[in-house]
Structures are given as C-alpha cells and as structure tokens.
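*Asks:* For reference, the structure I am asking about is given below.
The values are calculated or read from the model by the stated rules, or taken from the named source; none is laboratory data. Everything numeric in this text was worked out from a predicted model, so none of it was measured. Cβ sites come from the backbone with ideal geometry, for glycine too, and all protein chains shown count toward neighbours.
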Amino acid sequence: MDETKKVKKPRGVARLIPGKCIACGARCQSDCPEDAIEINDKGEPVINIEKCIGCRRCLKVCPAEALEIHFTPEEQKILDKIAAQEKGKAPVEAVAGEAPARIKEYRGVWVFVEHTEGRPAVVSWELLGAGAKLAKSLNVDLCTVVIGDKVENLCQESFAYGASRAYLVDAPVFHHYRTETYYKAICYLVEKYKPEILLMGATGLGRDLAGAVATKLNTGLTADCTGLDIDDKGFLLQTRPAFGGNIMATIFTERTRPQMATVRPHVMAMPARDNSRKGEIVRESFDIKEEDVAVKVLEVIEDRGADCIDIAAADVIVSGGRGMRASENFALLQQLADELNGVIGCSRAAVEAGWMPAERQVGQTGKTVRPKIYIACGISGAIQHLVGMQSSDVIIAINQDKQAPIFEVATYGIVGDVFQVVPALINQIRELRAKKSCDMQEDKSGRK
Ligand SMILES: Cc1cc2nc3c(=O)[nH]c(=O)nc-3n(C[C@H](O)[C@H](O)[C@H](O)COP(=O)(O)OP(=O)(O)OC[C@H]3O[C@@H](n4cnc5c(N)ncnc54)[C@H](O)[C@@H]3O)c2cc1C
C-alpha cells in the first residue's frame, strides 16, 4: 500500500449510550437525513447501522448527549493511524466529527492586552468586561496576556478591569509590535496553559495578530463580533453581521481550541475600574532572538493627517446622511456639533457622495462608536449603519420619513426636515445658554 496516499477517515455510526436517553420527543429521528432511526416503545432511538452514514446530526440535536459515534476496531486502527500522521500539525484533536476529548483540557478565558509602546488600547479593557461574563458562565478564570517591553504595569491595570491572572512576556524584543514575535509568544502560552477562549480587539494590530495565531494553532476565529455568549454546552457563541450585514450569524468553534474572536473598539461596554483589585502575575520567558526576526522597526510615525479626529472617542456625534443633500450642508451639522462640543460623523452614502471623508463614516465598514449622544440627521438607519452606533447611550434621530428604521433604535425621534429641525435646535441651545449666563450674571450682582 502506498503510505503517502491519503487514507479516508471512517465516519463511524451513531450509537445510543445506555441509560442516558430522556425520551425527549424524537428530534434525533426527525433530523436524520437517512431515515436510519426508529423510536421504540420507551421513546428511545434504535439506529439502523446499515443506513446510518455517521453524519452526527442526531448527536448534535440530542439534549441529553445520549448518542455517540461508534467505530469498528478496523476503523479505530485507521483513525489512530491518521491521528499519528497528523500529530504535530494540529495542537488539538482534528479527527473530523469526533467530540474531541482533548478540548476538555482547555479552560479559562483570555484577553490579549493590546498596547502601543505601553499605552493600552481601550478595547482590551472593554473585552475584559465581556470576558468577565463569559468566565462567570463557564465558572473559569478571566486572564490577560501582556506582551511587550517593561509593561508589567499593564498586568496591574488588567486586574483593575477584572482579570484575576496575567501572563506576562516582557523583553526588549517585544518593544514594538511585530507579527512574528507576538504570534509566536502567544502560541507558546496557549500551548502551555490551554485557554478555551482567546479574545482580541478588532483593531489593525488585533486583526493581524489573531489571524496569525489562529492559523498557527489551526483553530477557528470569528472576526468583528458584535455579541459574545456561552451556550448550554459551554461553546462560545460568536455573533457578527454576515452577507453584507443583511443577517446576523452566530458562529461557534466545535472541535478546536481555543475559540478565538475579535471585537471592534466601542462595541462592548467599558467595565468599572477598581484599583484595589489584585491578581497573580505569571512571568514567562519566551526565547526569541532579535537577529532571528526578519522585520525591523526603524521608526514609528504617528498619523497626523488633516482629518485625524477619532470620532470613536467623541462623547457627542452629529451624523449626517444622504438626507443632507450636499457637502456644504454639513456646515449646519458642524454648528450643532460645536454647540455640543461634539464631532461630525456620517453614513456611507455621504462618503460615497464625496461629501465627507471615509474616516468619518459610522457603521459596519466604518467606525463603531458608542458616544453619550448620537444625533442622526437624514440617515435612514440601514443595518450596516446601525451596527456601528446602536450602542450609543442616547440616540436622537431626525428624519422626515416616520417609517425610517432609524426610529426603531432612537431614544428620541423627531419627524421633520433636518433643515428646519437642526437650526431650531441650535437656536434653542444658544437661547438656553444665553439665559443661563444671564442668570449667573444676575446671581453674581445680587450677591454683591
Ligand atoms: C457591505 C456593506 C457595508 C456597508 N457599510 C456601511 C457603513 O459602514 N455605514 C453606513 O452608513 N452604511 C453602510 N452601508 C450602506 C447602507 O446599506 C446604506 O446604503 C447607507 O447607510 C444609507 O445611507 P443614508 O441613511 O445616509 O442614506 P439613505 O438610506 O438614502 O437615507 C436617507 C434618509 O434621509 C431622509 N431624508 C431625506 N431628506 C431629508 C430631510 N430634508 N430631512 C430629514 N430627513 C431626510 C430620508 O427619509 C432617508 O431616510 C453598507 C452597505 C453594504 C452592502
């Protein structure tokens, strides 16, 4: 036999585990694509092994985990051989369809702490807030991974935001982010400590790193998640827009670990900071020599472009859409933004019309924002826009179409023409401000 020829993996057949069936109502039977299951008088499945194709659908729908896949001794030998061949390629069981026993060795929720020369990215702390809920559901520890040069202070900061342990890799070779050094260090830690979940920010750095880590570990990664949860089997449910944002897909990683997800900044709420919280620092040294790293960072030049305003960091955003009709009409929104100490954002339609630069775009292919106040002017509320702003504290929508979907997420909705409503708002704010300053003057002179 040709040893190099790829052996076909046996699929096995489904088998009932005695005493586990709860006679739940025969979903296993109705979901079987081959009609291979009959239900007996006790309500238990009887599997016709001639018909069963080992597709595992019955295993997936069984709420009592009362079914398993059975292999003949010959099939088991083939599986062992394939596993031996694949050893070294995949860190976790990769035999298709088998519920991998080894994934049970993986425990804990990890968050990668992103930073630029020691300045942490806020998304890391937001992920700790989301990670805390996941860790609580799974009853496991919430930990951080801190990699850099003289960055031990970030471990302490991560305790303040809820982590109970930090894995620290601290050496000059990690001073600047480089894919090769960071992904190798993370893979080393994952292989040693086996976390079941690993979260990273969906920033430029996080996207680069998460892809490299997931590829190396041969595990699943869901990018740009808008929701994370744990199901009743302990899987990480990773929700994100799919098919151009027209549906929300929930994805899970069934057979490999860790389960990896990235989340954009401002999607998750910032957890409360408590400086009194303490945690354990696990110092790890990962041996990688500077001369072995191909990429050298010569200089870091910060982007100070003409429009370098970070709308994602603003407390107030006044956003305009196609309803603004022309580039010059955004001056009206600028006046409102100035009155409220805010910045201007926009929909993709406004960018495509050439009225606003792409840096100002809010939404799925723009920025995700979470300001205290978001004012949407002449924006219809397409799902791709909503995913980028619906977590704002207060949403005020101004639209002349009372059926516009933006009103479904709005805290306050104003049905009207932006060119009447916005000037009226500006006047009202100015009048209130003038009155307040008059009152203060009178108070002062009265006191005299
Ligand atoms: C893959 C993909 C990614 C996308 N990513 C994004 C994204 O990141 N961000 C984004 O915004 N979009 C995105 N889009 C586009 C999105 O589907 C919509 O086309 C876009 O958001 C529409 O912008 P709009 O609401 O400004 O325009 P429209 O949908 O045309 O809405 C204009 C609104 O203005 C109102 N209006 C008109 N005149 C006035 C007036 N005088 N006073 C008051 N109201 C008025 C109208 O009633 C209407 O509701 C994406 C699409 C795809 C397919």
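*Asks:* Return the residues of the range 315-332 that are crowded, with 17+ Cβ neighbours inside 10 Å and more than 13 Å from the ligand (Cβ to nearest atom); say none if nothing qualifies.
*Replies:* Step one: of the range 315-332, the residues crowded, with 17+ Cβ neighbours inside 10 Å are 316-321, 323-324, 329-330, 332.
V316, V318, listed by residue number.
*Asks:* Scan the range 29-66 for residues that are basic (K, R) and over 23 Å from K9 (Cα atoms) and jot them down.
*Replies:* Of the range 29-66, the ones basic (K, R) are 42, 51, 56-57, 60.
Correct list: K42 only.
*Asks:* State the number of residues belonging to the range 388-409 that are more than 6 Å from the ligand (Cβ to nearest atom) and surrounded by fewer than 22 Cβ atoms within 10 Å (Cβ to Cβ).
*Replies:* Total satisfying the criteria: 11.
*Asks:* Now for a different question. Filter the range 288-314 down to residues that are surrounded by 10 or more Cβ atoms within 10 Å (Cβ to Cβ) and either among the charged types (D, E, K, R) or over 30 Å from the mean Cα position of the chain (by Cα) (or both), then give me how many there are.
*Replies:* Residues in the range 288-314 being surrounded by 10 or more Cβ atoms within 10 Å (Cβ to Cβ) and either among the charged types (D, E, K, R) or over 30 Å from the mean Cα position of the chain (by Cα) (or both): 4 in total.
*Asks:* Within the range 239-247, is even one residue surrounded by 15 or more Cβ atoms within 10 Å (Cβ to Cβ), free of Cβ contacts under 8 Å to residues at least 24 places away in the same chain and away from the ligand (no atom under 16 Å from the Cβ)? Spell out the reasoning first.
*Replies:* Initial filter on the range 239-247 (surrounded by 15 or more Cβ atoms within 10 Å (Cβ to Cβ)): 239-241, 245.
Of the ones still in play, those that are also free of Cβ contacts under 8 Å to residues at least 24 places away in the same chain are 239-240.
Remaining after also requiring away from the ligand (no atom under 16 Å from the Cβ): 239.
Checked the range 239-247: at least one residue is surrounded by 15 or more Cβ atoms within 10 Å (Cβ to Cβ), free of Cβ contacts under 8 Å to residues at least 24 places away in the same chain and away from the ligand (no atom under 16 Å from the Cβ).
*Asks:* Would the range 353-362 turn up any residue that is of a type in the set (D, E) and either near the ligand (Cβ under 8 Å from one of its atoms) or crowded, with 20+ Cβ neighbours inside 10 Å (or both)? Steps first, answer last, please.
*Replies:* First, the residues of the range 353-362 that are of a type in the set (D, E): 359.
Filter once more, keeping what is either near the ligand (Cβ under 8 Å from one of its atoms) or crowded, with 20+ Cβ neighbours inside 10 Å (or both): none.
No, the range 353-362 has no match at all.
*Asks:* Only one residue in C377, C346 is modelled with pLDDT of 95 or more, under 27 Å from A202 (Cβ atoms) and within 10 Å of the ligand (Cβ to nearest atom), so which one is that? Let's see the steps before the verdict.
*Replies:* Values: C377 fails: under 27 Å from A202 (Cβ atoms).
After applying the criteria, what remains is C346.
*Asks:* With respect to the numbered conditions (1) more than 15 Å from S319 (Cβ to Cβ); (2) away from the ligand (no atom under 12 Å from the Cβ); (3) of a type outside the set (D, E, K, R); (4) modelled with pLDDT of 95 or more, which one is the sole condition not fulfilled by G416?
*Replies:* (2)
*Asks:* OK, next. Go through the range 16-70 and give me each residue that's part of a loop (DSSP other than H, G, I, E, B) and either assigned by TED's automatic domain parsing to the domain that holds K233 or in contact with an Asp or Glu (Cβ under 6 Å, 6 or more places away or on another chain) (or both).
*Replies:* Those that are part of a loop (DSSP other than H, G, I, E, B) and either assigned by TED's automatic domain parsing to the domain that holds K233 or in contact with an Asp or Glu (Cβ under 6 Å, 6 or more places away or on another chain) (or both): I17, C21, K51, I53.
*Asks:* Could I ask something else about it? Testing G97 on (1) modelled with pLDDT under 90; (2) buried (at least 22 other Cβ atoms within 10 Å of the Cβ); (3) more than 22 Å from D229 (Cβ to Cβ), one condition comes back false. Which one is that?
*Replies:* The number of the failed condition is (2).
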